[in-house]
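Visitor: Here it is, the structure in full.
The values are calculated or read from the model by the stated rules, or taken from the named source; none is laboratory data. Predicted, not measured: the structure shown is a model, and the values here were computed from it. Here the Cβ positions follow ideal geometry from the backbone for every residue, glycine too, while neighbour counts run over all protein chains shown.
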Amino acid sequence: MDRSGAPGRRCGDTGSPISTRRQLLRSLAIVGTALLSAACAQSASQTVSRTAASTITSRSSSARTAPAGKRTALNVYYWGSLAEQQCYKALHAGFEQAHPSITLQMNPGVGGVPYYQKLEAMAAGGTTPDVFRLAPNWFASLAAKQLPATLDPYVAADKFPLKQYWSALVQSWRYNGKLLSMPEIGNVLVLLYNVDLFKKAGVTDPNTADAAKQWTWSAFVAAAQRLTQGNGATKQFGCSFITAIQQLLPWIWSAGGRLFADDAHPTKLDMSDPHTVAAFQWLADLLNKYRVAPPPSYTATISPNVLFYTGRLGMYATLTDLGTVRQQINGKFNWDVGPLPAGPAGHVNFAGGAGWALANTSRVHDQGWLVLAYIASKPGQEQYVSRQLEIPVLKTLATGAWLKLSPPPVHRQPILAALHEARPIPKSPQMLQLAAQAINPELDLLWSGKVDAKTAMAAIDQKGNGLLHQS
């Protein structure tokens, strides 16, 4: 199972492999060259962009207007899949038409942990980029180090219509009450399922079962058991899930559990909470008791993504990267999107995605804000819709053009329903350290069947709170 949950792979990464490192670097170089020549922006005295219902006005025409014949250069640091890079080409071409007095100097990074290590190294060396992309699981760490600048003054001065955006996604980018990033795209945890396998096994599909209020954890297990068939290298599994801690949150929360004593103020781990223990034991049972999910020994050589794309996985709880799923399956079988099963506490999800921030040390905040506002605007968001890259952060697009995109999947409404139920992930600056040193090692033992959930959660609390006490 995919443990990384790495922000640098894709915003809504389902783990699809990039063919080769050489291809990736070549693509980044090509896109970087194209963006350097195409990504410019209009005079700062002009308006930023038109959102769904209002025009964003200039914060300071004198501050945003460059001298005649002179361009303001912005250093932009980002990561992106090949599909996202194509989206950025279109975004920056549109930005160039609107703001020809700003030049974007694109600085692509290698995704995952190296991306953020380089960002922190640049900050330490005094060369932080003016504008940078980030993901929620690294957000609190960067915010605590005061790398992103506060955006509230720009939102207020430009009367930027944040109420037109998904509340959970906006709240994901607040730290100590301050907005430090503009949402770019959103994602949640949903259930991909193989329609053909469900029909062949005579199992009621998740959408039908959920409409009848019968899509529960026990119904999920029963369906997974009927979908699991065969043995060995060609075994068909009933289900799988991602084990990165932030993508386990929907299971924990829908059980009534928690990571911290107070997830809204994450200062003390409390994964020994009985509801949290129950959630992890149920997940471990899918692997070791019911044997309906591929164990770590199996996914070490073939990922759940590949199992699903090749028709050997009935249900896959993963992120909303529909564009990649469409491309990988490409009509080989019928698939759809359904809701996660309702736990003891009902349906609860997490708000994921990606955002863009201004560096505190940048000297061109006014111009950098124009970039962030354009990406979040209706013209910017339409580029994501056309490529089916995650969920548009602008509600009118998500409930309109995005919802009406041609299938597959037939059902998109479960994704929006999950977003209505979503919460921001706990914003602990030590979350990544906790995951690497306390959480993941114990979960590895749990997934392999060497310990039970109660033992694993107790060990996580002991190790994790020790780390928090040292901080």
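Visitor: Looking at the structure I just gave you, is N176 without any contact (Cβ under 8 Å) to a residue 60 or more places away in the chain and either assigned by TED's automatic domain parsing to the domain that holds A123 or crowded, with 23+ Cβ neighbours inside 10 Å (or both)?
Guide: Yes: the conditions hold for N176.
Visitor: Sticking with this structure for a sec: When you check T208 against the structure, is it surrounded by fewer than 23 Cβ atoms within 10 Å (Cβ to Cβ), of a type in the set (S, T, N, Q) and not in a loop (DSSP other than H, G, I, E, B), yes or no?
Guide: Yes: the conditions hold for T208.
Visitor: While we're looking at this one, here's another question. L313 passes all but one of (1) surrounded by fewer than 17 Cβ atoms within 10 Å (Cβ to Cβ); (2) in contact (Cβ under 8 Å) with a residue 40 or more places away in the chain; (3) closer than 22 Å to W217 by Cβ; which number fails?
Guide: In the conditions (1) surrounded by fewer than 17 Cβ atoms within 10 Å (Cβ to Cβ); (2) in contact (Cβ under 8 Å) with a residue 40 or more places away in the chain; (3) closer than 22 Å to W217 by Cβ, L313 misses (1) alone.
Visitor: Now for a different question. Residues to consider are Q225, Q171; find the one that is surrounded by fewer than 22 Cβ atoms within 10 Å (Cβ to Cβ), closer than 30 Å to S386 by Cα and polar (S, T, N, Q).
Guide: Residue meeting the stated conditions: Q171.
Visitor: Out of (1) over 29 Å from R174 (Cα atoms); (2) in a loop (DSSP other than H, G, I, E, B); (3) in contact (Cβ under 8 Å) with a residue 24 or more places away in the chain, the odd one out for C239 is which?
Guide: Tallying (1) over 29 Å from R174 (Cα atoms); (2) in a loop (DSSP other than H, G, I, E, B); (3) in contact (Cβ under 8 Å) with a residue 24 or more places away in the chain, C239 fails exactly one: (2).
Visitor: Moving to a separate point now. At pLDDT 95 or above and over 19 Å from I242 (Cβ atoms): which single residue out of L468, L419, L445, L434 fits that description?
Guide: Exactly one of L468, L419, L445, L434 is at pLDDT 95 or above and over 19 Å from I242 (Cβ atoms), namely L468.
Visitor: Go through region 441-460 residue by residue and tally those that are farther than 23 Å from W138 by Cβ and in contact (Cβ under 8 Å) with a residue 60 or more places away in the chain.
Guide: Counting residues in region 441-460 that are farther than 23 Å from W138 by Cβ and in contact (Cβ under 8 Å) with a residue 60 or more places away in the chain gives 10.
Visitor: Here is a further query. Output the qualifying pairs, or none if there are none: Cβ atoms under 7 angstrom, residues six or more apart or on different chains, first residue in region 423-440 and touching a residue at least 40 places away in the same chain (Cβ under 8 Å), second residue part of a loop (DSSP other than H, G, I, E, B) and hydrophobic (A, V, I, L, M, F, W, C).
Guide: R423/V348; P426/L259
Visitor: Looking only at region 415-429, how many residues end up being farther than 19 Å from G177 by Cβ and in contact with a helix residue (DSSP H, G or I) (Cβ under 6 Å, 6 or more places away or on another chain)?
Guide: Of the residues in that region, 1 qualify.
Visitor: Taking region 274-284 as the search range and keeping residues that are of a type outside the set (A, V, I, L, M, F, W, C) and touching a residue at least 24 places away in the same chain (Cβ under 8 Å), which one is surrounded by the fewest Cβ atoms within 10 Å (Cβ to Cβ)?
Guide: H275
Visitor: Mind counting the residues in region 108-136 that are farther than 20 Å from E184 by Cα and acidic (D, E)?
Guide: Going through region 108-136 one residue at a time, the tally reaches 1.
Visitor: Can you name every residue in region 144-173 that is touching a residue at least 60 places away in the same chain (Cβ under 8 Å), of a type in the set (G, A, S) and either farther than 21 Å from Q367 by Cα or out of contact with any strand residue (DSSP E or B) (no Cβ under 9 Å at 6 or more places or on another chain) (or both)?
Guide: Listed by number, the residues that qualify are A144, A157, A168, S172.
Visitor: If you don't mind, there's one more thing I want to ask. Examine region 327-345 for a residue that is modelled with pLDDT under 95, more than 13 Å from V190 (Cβ to Cβ) and surrounded by 21 or more Cβ atoms within 10 Å (Cβ to Cβ), and state whether such a residue exists.
Guide: For region 327-345, residues modelled with pLDDT under 95, more than 13 Å from V190 (Cβ to Cβ) and surrounded by 21 or more Cβ atoms within 10 Å (Cβ to Cβ): absent.
Visitor: Is it the case, given these coordinates, that Q214 is among the polar types (S, T, N, Q), modelled with pLDDT of 95 or more and in contact with a Phe, Trp or Tyr (Cβ under 8 Å, 6 or more places away or on another chain)?
Guide: No, not satisfied.
Visitor: Counting only residues that are assigned to a loop (DSSP other than H, G, I, E, B) and among the basic types (K, R), which one in region 396-450 is farthest from S254 (Cα to Cα)?
Guide: Of everything passing the filter in region 396-450, K404 is farthest from S254 (Cα to Cα).
Visitor: Collect the residues in region 380-391 that are touching a strand residue (DSSP E or B) at 6+ places or on another chain (Cβ under 7 Å) and over 11 Å from A83 (Cβ atoms), keeping them in residue-number order.
Guide: Result: Q381, V385, I391.
Visitor: If the requirement is being over 30 Å from T128 (Cβ atoms), buried (at least 19 other Cβ atoms within 10 Å of the Cβ) and not aromatic (F, W, Y), which of these qualifies: V364, V371, V410, V348?
Guide: V348
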